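Here the structure comes first, spelled out in structure tokens, and everything after it is commentary.
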Amino acid sequence: MPARQSEKVVHYSSVAKFLHWAIMLLVIVQFITASIMPGVRHNQTPGFLLSIHMSFGLTIIALMIVRLLWRFTHASPPEDTMLPRWQHTLAHLMHYALYALLILVPLFGWAWASSRGWPVTVFGIYTLPSILAQGSAWGRVVDYAHAGGAVLLLMLIGFHILAALYHHYILEDTVLNSMVPKNLSL
Ligand code: HEM
Ligand code: HEM
């Protein structure tokens, strides 16, 4: 094991790790359902796949609210002082952008579904209010914002994963392991 990786790893809390990996799995479900669900015509209501897409997407909003509150009230592992300042700034900007998109993209989806007059339910158990009037002129805007935001999210996730691998395999530091469960350390 490289010298720096044998240093003591300061881990994210178990709650932060659970939320990070649970939300990652839900985001994967979102992109899989989005790519296989059939389009909905004007006189139809959402089918099974779109209902799953909406329910898991709304679950992401709920988990992101918990994550934000947790993030503001609990410390993260300290920054590596050996890295240049611009890398810390870039990492912070990336994390803020990921947080923002993980809340805005599902909110735009919810607004888009509302504007089409569809009932927005969480697994058919709980119906949420409409956040945009049916037939609103903003419907098109939030549709594009939802689809465009999802593409941007996917690009940032790709960059984020490359950065994590760069830390582990090139810089050989403890950043990746700080987010991995202790018994699964790489
Ligand atoms: C992080 C969460 C989410 C991601 C990554 C995501 C991603 C996507 C993607 C990639 C598409 C296909 C866009 C296109 O090519 O036109 C899509 C479509 C859609 N999503 Fe989401 N979505 C999320 C959450 C939600 C939520 C919470 C709702 C509603 C409550 C929702 C409702 C919709 C609707 C209504 C469509 C269009 C279906 C159609 O017109 O056929 N999405 N989503
Ligand atoms: C849907 C996919 C993912 C999303 C949306 C995501 C999002 C995030 C966010 C928002 C943070 C900031 C954590 C905080 O301060 O609260 C973070 C941290 C982190 N993520 Fe991810 N992540 C994803 C996938 C991954 C994957 C696949 C890896 C590993 C290859 C990874 C490795 C890490 C690491 C190591 C950190 C800590 C970075 C640091 O402390 O500087 N993430 N992630």
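Each reported figure results from applying straightforward, stated rules to the coordinates on display, with no laboratory input. None of these values were measured; they are calculated from a predicted model. As a convention, Cβ positions derive from the backbone with ideal geometry for all residues, glycine included, and neighbour counts pool all protein chains shown.
Within the chain, the longest run free of trypsin sites (Lys or Arg not before Pro) that sit in a DSSP loop with at most 10 other Cβ atoms within 10 Å is 42-186. Using only the alpha-carbon atoms, how far is helix 14-36 inclined from the longest principal axis of the chain? Give it as 0 to 90 degrees, nearest 10. Taking the Cα atoms of the chain, the angle to 14-36 is about 40 degrees. Peptide packing for 51-63, 164-176 was compared via the average number of neighbouring C-beta atoms within 10 Å per residue; ordered from the highest value, the list is 51-63, 164-176. Centre-to-centre separation between the Cα atoms of segment 46-90 and those of segment 116-186: 8 Å.
Using a Förster distance of 22 Å, how high is the FRET efficiency between VAL10 and MET155, based on the Cβ-Cβ distance and rounded to 0.05? Efficiency for this residue pair is about 0.15. Compared with the dominant principal axis of the Cα atoms in the chain, helix 85-115 is inclined by about 20°. Our estimate of slack between LEU49 and ILE65, defined as 0.36 nm per intervening residue step minus the Cα-Cα distance, is 3.3 nm.
The C-alpha atoms of the chain define a longest principal axis, and helix 48-73 lies at about 40 degrees to it.
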